[in-house]
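Written out below as structure tokens is the structure these notes cover.
The values are calculated or read from the model by the stated rules, or taken from the named source; none is laboratory data. These figures come from a predicted structure and were not determined experimentally. Please note: Cβ atoms are built from the backbone with ideal geometry, for glycine as well, and neighbour counts cover all protein chains shown.
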Amino acid sequence: MDFDFGSLLAFIIFGVTIGVVYGIVALGISLIYSGLDIVHFAHGEIYMFGAFLGLVLSQQIGIPYPGAMIGAMVLAALLGMFIERVFYRRLTRSGGGYTVAGMGMIICGFGMSVALMNVAFLIWGADAEPFPVEFGIEPLEINDISIPPSYLLTAVVSLCLMGILNYFLRYTKIGLAVRAVAHNKDIAFLMGINVPLFISLIFGLACALAAAAGVLVGPMQSVQVEMGYLMLMKAFAAAVVGGFGSLPGALIGGILVGIFENLGAAYISASHKDIYAFLLLILVLMYRPAGLFGVVAKVKA
Amino acid sequence: MALLETRGLSKSFGGLKAVSGVDLKVQPGTVHGLIGPNGSGKSTFFNLVTGVYQPDPGSHIEFDGHDITNLQAHGIAALGMARTFQLLRLFSEMTVLENVMVGNHCKTSYGIVESLLGTSRVRQADQKMKEEMLDLLEFIGLANFADIPAGELSGGQRRLLALGRAIAMKPKLLLLDEPGAGLSPVNVDKLMETILSLKERYKLTVVVVEHILKVVMSTCETISVLDHGQKIAEGPPEMIKNDHAVIEAYLGRELPDEEIRNAIRGQ
């Protein structure tokens, strides 16, 4: 393929738009990690549920797309909080605190992932469902490559969601309490913060973000029960590249993963598209194990 | 009526009785000292009272007229009990102002949903709270550091901030765990002055655990002495200074009187 600057730009734009979506899922994973000290392996399935919920709300019930997205976010947040209360909390309780830095929680997360996937399979079946949405915007044309409106919308909406979350965490008092919980649960508890409630809130926020990502990606690709796995892996890569627990890190990591895999697909081989994200992950782990924005190691008291 | 009262307070870890059958009354408006050799159960006592540990069955803790024996830590904090830690445990990545604002969290009058919506009531409440917190920082002398991360403060400033964070909870009872640990004698005196002025300003009752006996003897109205998890003595400083059981617990053996007194006075 001849090199030309226009198509390079287009590939980068594609990379950034999908990268921003990886970023918001990674943000959720990072949030849960800071709140509960676990990597939530069922997060991909929350994303998949979000996509299906958005599909059902907009195609079957007929709610307009933005409303369907908000609906899916709320429902996914409730689902996430339900899972946290009923399954994960039991485990943290038996561990004697709010965190178990053990295998139990990770395995429970994997189990939840499989269970959720099968529940989705029973409800919606194994077929990929199209999620057509009419945006009423003309595709953006750059050198024969047209960028569909759904991509542009995705990037804008994702960035807005991140901005809102950032504002919430930085400048509101509840956000301050969330940060206190993430920093040290015991102290936060003694400061009069209802830590279990805030862990639920963190879970809800993270799941709402994942659902938003699902509803955004739905129109670009299609919606199917196995879509969560790959998203989880990419978002995980994004979170690690950016540095676990770092909010801007998740965004930058996501964008880097997105650009990296799109350029790899364009200039090396498209059939190995999913490898490049992990190649980047390995490179970052080799040279900057804490990620680009990460704190070296979270010290546990 | 006592502000804090424990009856038969016990806690065992396996076979070890860290605290056993402690009856203690803290009168409102006083500074109450809690002393004892290392491992005598002082910290466990704090952890039991603040809800970090669950006491053994048969224990009873009453605070400000409420039975708090089985309450969780955040519930007890909301009733008006605050504490500091020997190792401070500040939120080091947050700014000084944010640290005290976290302390003030339990006084928030609005809910999560309202906060997310950012109503004008929320903004007004936040603004008022922020002014109060800046006022508090001014009083403890940290106003100039409000916007720098707590981790960048000096050791003495961190101690002040830990104190400020506890005061921000607007407590009725303040539990201090070795406030003077690691400070030079001059700084300890200064810190105790600050603590006493805070006590007057915010109308606090204070329970202090401290190893520097000179400090305890000069500031506390009542002193309780723990040894091996049991209360072995209680009374005003003068009485404790001359108590035979206390002297034995600290020194373990008989010594000529004058020598013992000097040792206990930290001379």
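Please list, ordered by residue number, the helices (runs of 4 or more DSSP H) wholly in the stretch A:12-117 having 2 or more residues that are in contact with a strand residue (DSSP E or B) (Cβ under 9 Å, 6 or more places away or on another chain). Talk me through it step by step, then tell me what you get.
Working: elements: A:43-55, A:65-83, A:89-94.
Ranges flagged: A:43-55.
Figure legend. Inter-residue proximity from the stretch A:85-98: first residues under 13 Å from A:ILE199 (Cα atoms) and surrounded by 13 or more Cβ atoms within 10 Å (Cβ to Cβ), second residues modelled with pLDDT of 65 or more and charged (D, E, K, R), beta-carbon distance below 7 Å, spacing 6+ or different chains. Indicated pairs: A:TYR98/A:LYS185.
Consider the stretch B:66-76. How many of its residues are within 14 Å of chain A (Cβ to nearest Cβ) and not small (Gly, Ala, Ser)? So that I can check it myself, show each step before the final result.
Of the residues in the stretch B:66-76, the ones within 14 Å of chain A (Cβ to nearest Cβ) are B:68, B:71-76.
Filter once more, keeping what is not small (Gly, Ala, Ser): B:68, B:71-72, B:74, B:76.
Selection size over the stretch B:66-76: 5.
Within the stretch A:175-184, the set of residues being facing chain B (nearest Cβ under 7 Å) and either in contact (Cβ under 8 Å) with a residue 24 or more places away in the chain or within 17 Å of A:GLY28 (Cβ to Cβ) (or both) comprises A:ARG179, A:ASN184.
In the stretch B:7-65, which strands (runs of 3 or more DSSP E) lie fully inside it and hold 1 or more residues that are of a type in the set (Phe, Trp, Tyr) and either in contact (Cβ under 8 Å) with a residue 24 or more places away in the chain or within 14 Å of another protein chain (Cβ to nearest Cβ) (or both)? Let's see the steps before the verdict.
Working: elements: B:16-26, B:31-35, B:60-63.
The strands (runs of 3 or more DSSP E) meeting that bar are B:60-63.
The listed residues are B:VAL209, B:VAL188, B:VAL216, and the only one of them that is in contact with an Asp or Glu (Cβ under 6 Å, 6 or more places away or on another chain), modelled with pLDDT of 80 or more and within 22 Å of B:ALA168 (Cα to Cα) turns out to be B:VAL209. Whether any residue in the stretch A:164-171 is touching a residue at least 24 places away in the same chain (Cβ under 8 Å), among the hydroxyl-bearing types (Ser, Thr, Tyr) and in a helix (DSSP H, G or I) is what I want to check. No, every residue in the stretch A:164-171 fails to be touching a residue at least 24 places away in the same chain (Cβ under 8 Å), among the hydroxyl-bearing types (Ser, Thr, Tyr) and in a helix (DSSP H, G or I).
Would you check which residues across the stretch B:224-250 are assigned to a loop (DSSP other than H, G, I, E, B) and within 24 Å of B:SER12 (Cα to Cα) and list them? Quick ask: steps written out before the conclusion?
Filtering the stretch B:224-250 for residues assigned to a loop (DSSP other than H, G, I, E, B) gives B:228-229, B:236, B:242-243.
Once the filter is applied, which keeps residues that are assigned to a loop (DSSP other than H, G, I, E, B) and within 24 Å of B:SER12 (Cα to Cα), the stretch B:224-250 yields B:HIS228, B:GLY229.
Using the structure shown, decide if B:HIS105 is modelled with pLDDT of 85 or more, surrounded by 16 or more Cβ atoms within 10 Å (Cβ to Cβ), within 11 Å of chain A (Cβ to nearest Cβ) and not in a loop (DSSP other than H, G, I, E, B).
On the way: modelled with pLDDT of 85 or more: no; surrounded by 16 or more Cβ atoms within 10 Å (Cβ to Cβ): yes; within 11 Å of chain A (Cβ to nearest Cβ): yes; not in a loop (DSSP other than H, G, I, E, B): yes.
Answer is no for this residue.
Which of the residues that make up the stretch B:122-139 are among the hydrophobic types (A, V, I, L, M, F, W, C) and more than 16 Å from B:ALA166 (Cα to Cα)? Of everything in the stretch B:122-139, those that are among the hydrophobic types (A, V, I, L, M, F, W, C) and more than 16 Å from B:ALA166 (Cα to Cα) turn out to be B:VAL122, B:ALA125. Among residues of the stretch B:77-93 that are more than 8 Å from chain A (Cβ to nearest Cβ) and within 15 Å of A:LYS185 (Cα to Cα), none has a beta-carbon under 7 Å from a residue that is surrounded by fewer than 23 Cβ atoms within 10 Å (Cβ to Cβ) and among the hydroxyl-bearing types (Ser, Thr, Tyr) at least six positions away or on a different chain. Of the residues making up the stretch B:9-29, those that are hydrophobic (A, V, I, L, M, F, W, C) and under 21 Å from B:LEU173 (Cβ atoms) are B:LEU9, B:VAL19, B:VAL22, B:LEU24, B:VAL26.
Give the residues of the stretch B:79-102 that are under 24 Å from A:ARG170 (Cα atoms) and either among the small types (Gly, Ala, Ser) or part of a loop (DSSP other than H, G, I, E, B) (or both), sorted by residue number. Reasoning before the result, please.
Kept after step one, since they are under 24 Å from A:ARG170 (Cα atoms), are these residues of the stretch B:79-102: B:88-102.
Matches in the stretch B:79-102: B:LEU88, B:ARG89, B:LEU90, B:PHE91, B:SER92, B:GLU93, B:MET94.
The residues listed here are B:GLY182, B:GLY151; of these, the one that is part of a helix (DSSP H, G or I) and surrounded by fewer than 17 Cβ atoms within 10 Å (Cβ to Cβ) is B:GLY151.
Taking only the stretch B:141-167 into account, find how many residues are of a type in the set (S, T, N, Q) and within 20 Å of B:ASP189 (Cα to Cα).
Residues of the stretch B:141-167 of a type in the set (S, T, N, Q): B:144, B:154, B:157.
Adding the requirement that they be within 20 Å of B:ASP189 (Cα to Cα) leaves B:154, B:157.
Count: 2.
If you go through the stretch B:28-49 and keep only what is within 25 Å of B:LYS214 (Cβ to Cβ) and either exposed (fewer than 15 other Cβ atoms within 10 Å of the Cβ) or touching a Leu at 6+ places or on another chain (Cβ under 6 Å) (or both), you end up with B:GLY29, B:GLY36, B:ASN38, B:GLY39, B:SER40, B:GLY41, B:LYS42, B:PHE46. So A:GLY291 fits all but one of (1) in a helix (DSSP H, G or I); (2) farther than 23 Å from A:LEU8 by Cβ; (3) not aromatic (Phe, Trp, Tyr); what number is the exception? With (1) in a helix (DSSP H, G or I); (2) farther than 23 Å from A:LEU8 by Cβ; (3) not aromatic (Phe, Trp, Tyr) applied to A:GLY291, the lone miss is (1).
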